[in-house]
Amino acid sequence: MDRTTILTELKKVIAPYTEDKTMLDGITEDTDLIKDLKINSANLVDIIIDAESQYNIEIDFDSAEKMYLIGNCIDIISDKVNQSA
């Protein structure tokens, strides 16, 4: 699964937790979920749970702590998907 595909799907996972939906159009790998998209830490946990469900993976605590930048999220999801394949 390539990075662009993961990014596109990740936007759908993040959308319900983003107040300003127009921000989703400008997401890059440097976008910070908390600072740029104004997602609170409780919703960040929900996003991780939703990503686990979406990709049928398990994200461990150490990996979850790194999921604050979109690029980090893509890296972790990609690694987990490739491990389970």
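Under a point spin-label approximation (7 Å from Cα along Cα-to-Cβ), what is the TYR68-LEU24 distance to one decimal in nm?
2.4 nm
Evaluate the relative contact order of the chain (contact order divided by residue number), counting alpha-carbon pairs under 8 angstrom at least 6 apart; express in whole percent.
Relative contact order comes out at 37 percent.
Find the accessible area per residue for the chain; the probe is 1.4 Å, ligands and nucleic acids are left out, and the unit is Å².
Value returned for the chain: 60 Å² of accessible area per residue.
Of the peptides 71-82, 49-60, how do they stack up when ordered by the mean number of other Cβ atoms within 10 Å, highest first?
71-82, 49-60
Once you have the alpha carbon radius of gyration of the chain, what is it after dividing by 2.2 N^0.38 Å, with N set to its residue count?
Compactness ratio reported: 0.98.
Could you bin all the Cα-Cα distances of segment 41-85 into 5 Å bins starting at 0 and give me the percent of pairs in each, rounded to whole numbers?
Result returned by the calculation: 5, 24, 38, 26, 5, 1.
Within the chain, what whole-number % of the accessible surface is contributed by carbon and sulfur, with the 1.4 Å probe and all protein chains included in the calculation?
Whole-percent figure for carbon plus sulfur exposure: 49.
Would you work out which of VAL45, THR4, THR22 lies farthest towards the positive end of the dipole of the chain? Charges go on Cβ: Lys and Arg +1, Asp and Glu -1.
Working it through, the farthest residue towards the positive pole turns out to be THR22.
Mind ranking 11-22, 33-44 by how tightly packed they are, going by the mean number of other C-beta atoms within 10 angstrom, highest first?
Listed from highest to lowest mean packing, they are 33-44, 11-22.
The values are calculated or read from the model by the stated rules, or taken from the named source; none is laboratory data. This structure is a prediction, so every number in the text was calculated from the model and none was measured. Here the Cβ is made from the backbone with ideal geometry for all residues, glycine too, and neighbour counts use every protein chain on show. When the accessible area is computed, the model is the full protein with side chains, heavy atoms only, and any ligands, DNA or RNA have been set aside. Shrake-Rupley method; radii C 1.70, N 1.55, O 1.52, S 1.80 Å.
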